[in-house]
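> Take a look at the following structure, please.
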Amino acid sequence: MKILMIGDVFGRVGRDMLFEYSERGFFGADAVIANIENAAHGRGVTKNVYDEISKTGIDAFTLGNHVWNCPDIVNVFRYNDNIIRPYNLEGDLPGSGTTVIKAKNGVRIGVINLLGRVNVQPYSTNPFLAADKAIESLKSKCDIITVDFHAEATSEKQAMGYYLDGRVSVVAGTHTHVQTADEKILAKGTGYITDLGMTGPAVSVLGMDKNIILDSFIKGYSKRFEPATGNGQFNAAMFEIDETSGKCTAVERINMNL
């Protein structure tokens, strides 16, 4: 079976790209998971944005460090179980860090969202120990497990891949908005990529208007950062999973421009 995991969806352009590739069938995926923590003007998710994106047919949505930027995310969590926030956020908070979705072929897929601790806010508990707990909670409810590890440091993401190798089917990093070319299958059968990249404005600095960012670097000040407009890019990875063993058999990185 094929699982498509889509990199950070950024603003209006990113949302448009989701609809574009939804119409194309998402490359024949049996299940689709997207990180949408930048979907509302680059920071967080509103209820209106969630309702809009839900029309693409994507099965599950993950978030990250911008989870609380839009206050009405609380109501999104209250009424929808296919959108999750990082499992290892500290405190008794709205939402869940795991969900289970059903692929087109009936396979039950557990989805875990984790947040890194190196140079990332808000504060979170140890993601490695949290992963152990999340996996234990899902084992009896699903056939395979995927992990979106939203983290800044390459080292932390690589370490997570090795830590979970053989225990989950996929570990995919998100957050940096720059796709890495290190997709691989680890020794015990887990599909891995350090960062899925960004689905959003192609000509931008991490999704933001490049001229505003240039001003901030060159002049030392700038206007408020705003999402870029124009042509879009679609960053993702397709993971082929053996349904019996739960092992990944192939990984294909996807980098499309429109």
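> Which distance in Å, rounded to a whole number, links the C-alpha centroids of the range 208-225 and the range 228-258?
32
> Now for a different question. Would you please report the Å³ per residue occupied by the convex hull of the alpha carbon atoms in the range 135-241?
136
> Could you pull out every one of the lysines with an alpha carbon less than 18 Å from that of Lys184, ignoring same-chain neighbours closer than 8 positions?
Partners found: Lys2, Lys157, Lys247.
> Oh, and also: I want the antiparallel fraction of DSSP beta bridges within the chain, as a percent rounded to 5.
Within the chain, antiparallel bridges account for around 50 percent of the total.
> So, one more: Within 9 Å, Cβ to Cβ, of Asn35, how many net charges do the neighbouring residues add up to if Lys/Arg are +1 and Asp/Glu are -1?
-3
> Under 26 Å Cα to Cα from Lys210, which lysines show up? Leave out anything in the same chain fewer than 8 places away.
Correct list for Lys210: Lys219, Lys223.
> While we're here: Please report, in debye to the nearest 20, how large the charge dipole of the range 44-134 is about its Cα centre when each Lys and Arg carries +1 at its beta carbon and each Asp and Glu carries -1 there.
The dipole magnitude comes to about 240 debye.
> Need the list of aspartates and glutamates near Lys55 for cross-linking: C-alpha distance under 16 angstrom, and skip anything on the same chain fewer than eight residues off.
Asp16, Glu20, Glu23, Asp81
> Order the peptides 103-110, 164-171 from the highest to the lowest mean number of other Cβ atoms within 10 Å of their residues.
Working: 103-110: 16.6, 164-171: 22.8.
Highest to lowest by the protection proxy: 164-171, 103-110.
Rule-based calculations on the coordinates, nothing more; no lab input. Computed from a prediction, not measured in an experiment: that's the story for all the values here. Neighbour counts run over all protein chains shown; Cβ positions are idealised from the backbone, glycine included.
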